[in-house]
Each structure stands twice: as C-alpha cells, then as structure tokens.
1. Look through region 82-126, keep the residues that are more than 14 Å from I30 (Cα to Cα) and among the aliphatic types (A, V, I, L, M), and return whichever of them is nearest to the chain's Cα centre (by Cα).
2. Which pairs have Cβ atoms under 7 Å, sit 6 or more apart or on different chains, and link a residue in region 170-189 that is small (G, A, S) to one that is assigned to a loop (DSSP other than H, G, I, E, B)?
3. For region 95-113, what are the residues that are assigned to a helix (DSSP H, G or I) and of a type in the set (A, V, I, L, M)?
4. Check off (1) surrounded by 20 or more Cβ atoms within 10 Å (Cβ to Cβ); (2) modelled with pLDDT under 95 for L235 and give me the number that stays unchecked.
5. Can you find even one residue in region 23-31 that is at positive phi, outside any helix (DSSP H, G or I) and either at pLDDT below 95 or hydroxyl-bearing (S, T, Y) (or both)?
6. Do you know which of the residues in region 189-227 that are of a type in the set (D, E, K, R) and assigned to a loop (DSSP other than H, G, I, E, B) is farthest from the chain's Cα centre (by Cα)?
7. Among the residues of region 14-32, which ones are over 18 Å from A185 (Cα atoms) and either out of contact with any Asp or Glu (no Cβ under 8 Å at 6 or more places or on another chain) or buried (at least 20 other Cβ atoms within 10 Å of the Cβ) (or both)?
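The values are calculated or read from the model by the stated rules, or taken from the named source; none is laboratory data. Being a predicted model, the structure only gives us computed values, none of them experimental. Neighbour counts are summed over all protein chains in view; Cβ atoms, including those assigned to glycine, are modelled from backbone coordinates with ideal geometry.
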Amino acid sequence: MVNDPFQMQPELRYGAPVCDQILTGRYSSIGYSWYFRQAKWALEIVNRNRELVADLPDVERLDNFRADTRIPARFRASLRAYKGSGFDRGHLIASANQDLQNIQNSETFLLSNMSPQHPDLNRRLWRELEEGIRELDAKESTLETYVLTCPIFYFGETVETIGENSQDFGIDVPVPHAFVKSVLAENKRGKLKLWTFEMKNKRVDGELKDYLVNTYDMEQIVGGRFWDRISGGDLHEQKSTIPKMW
C-alpha cells in the first residue's frame, strides 16, 4: 500500500524541504512547522488540470478564512490572532492560483496557508510577483508551473509575534522576517527553469528582478533542499535570467 505523499501528490513530484507535518490538500500541499505555528512551506501546481475545466468560468474568491483542524489546537493559529495585529493573513498559495473549482479555492483560505504579512508587501510587489507567475504559467510553451513559498526567519534578529492577547491557548504567532518564492517551470519539451525570489516582510520597492536570488542560499536559510528530487547543482546554485513578462 502506497502512503508516501511524495508518491501520491503531483505537486511534490520534484521534492520539498523537511517539515513537522505534511498537510495534503486536493490540489496543493503544505509543510507545517509546529514551532512557528505556521507553514514552513507551501507547494502548488498553478491551476493544475486547467485544460479539463477550460470551458468553466473561474470561481469567485471565497474568503472563507478558517483554522485548519488537522493541526493540534496548541500548534495552530486562529483568526483572533490576526485581528488588530496590523498584518494581513498572507496567502502562501495564492487564491487566484487556485480558482477553477470552489473546493480548490476554499482550501487556500485555511490558516495553515497563511503567514503574518505586512500589507505593503502583500498588496504591492508580492502581488505583482504572483501575477507574473500566472502570466508565465499561461504561456503556450509552459506545461506546468510549480511554486514553493516559504516564510523565513533570520538567525540573530528579533522575532515579533502576534496573537498574545487572543486567548487561544496562549498562542502567539511569529512574524516572518521575509518570504521566499521559488518558481519551477516545466516546458512542453520537459525542460526545467528555476527562479527564486526573496522579499523582506515590509514595503519593498523596485522591480521584481531586484529580488532574484540564488536558490541554494535560500535553502541554507530555510533548512532543506527545495527541489531535492532534481539532480545536479546548477539549477539551484545559479540565478536564472528573469522572464520578459517580469
């Protein structure tokens, strides 16, 4: 009997970092950190199987934010932790990346898919990056687009928390110092291309290309290979040329 999520979940085909608990969804997977009370990573294929529902309109954003009861209560965030915090419930797997079916979109609103994100990041350049990924995925030459998103914490820097007064088991939720998004695109010839971006959890300006980093360096910070089922170091250790639409 096969029970390995890496064998069963299509989005995990090329691997993912280690974590405390893997939460498998219908269209995406989350590697959860009990210590940080949020995902260590979230991994998706952008609107997988779009061609099977090509004639259906995209669903409306559901906005049904809720706790993920698969996680023990003492290790999970609540809606009250975010209330009045000044931080957005920042999607790791973007709602607009999963909008073919209601159940698909609904899963992106589980709090296991959220991290405290500064509004001026979430609503500006981070959103632009997400839109650029959807443009990449829509290219005729693109077969599938895999996206790995990680909240990151820098050693030696003070960690802010939210939720101390939420009265939910005394849980406070650490605020990430930054976020990383690693984009692995496979074209119809089977060739892979990798781009990784790092943005501090605050207002950031400039162009997306200014935030392109070596994947290898981000793996060192997060603590694990991002795409560990791909052999060869070149894909991880070098920056890729940013696509024209970015």
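1. Looking at the filtered set, the residue picked out is A96.
2. Correct list of pairs: A178/N201; S182/F226.
3. Listed by number, the residues that qualify are A96, I103, L111.
4. Single failed check for L235: (1).
5. Checked region 23-31: no residue is at positive phi, outside any helix (DSSP H, G or I) and either at pLDDT below 95 or hydroxyl-bearing (S, T, Y) (or both).
6. Going through region 189-227, the residues of a type in the set (D, E, K, R) turn out to be 189, 191, 193, 198, 200, 202-203, 205, 207, 209-210, 217, 219, 225.
If we keep only those that are assigned to a loop (DSSP other than H, G, I, E, B) as well, we get 189, 191, 202-203, 205, 207, 225.
Values: R189: 26, K191: 23, K202: 17, R203: 19, D205: 21, E207: 20, R225: 15 Å.
Among those that are of a type in the set (D, E, K, R) and assigned to a loop (DSSP other than H, G, I, E, B), it is R189.
7. Matches in region 14-32: V18, C19, D20, Q21, I22, L23, T24, G25, I30, G31, Y32.
Conditions (1) part of a strand (DSSP E or B); (2) modelled with pLDDT under 95, marked per residue:
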residue	(1), (2)
S115	yes, no
E130	no, no
I133	no, no
Y146	yes, no
T149	yes, no
F155	no, yes
V159	no, no
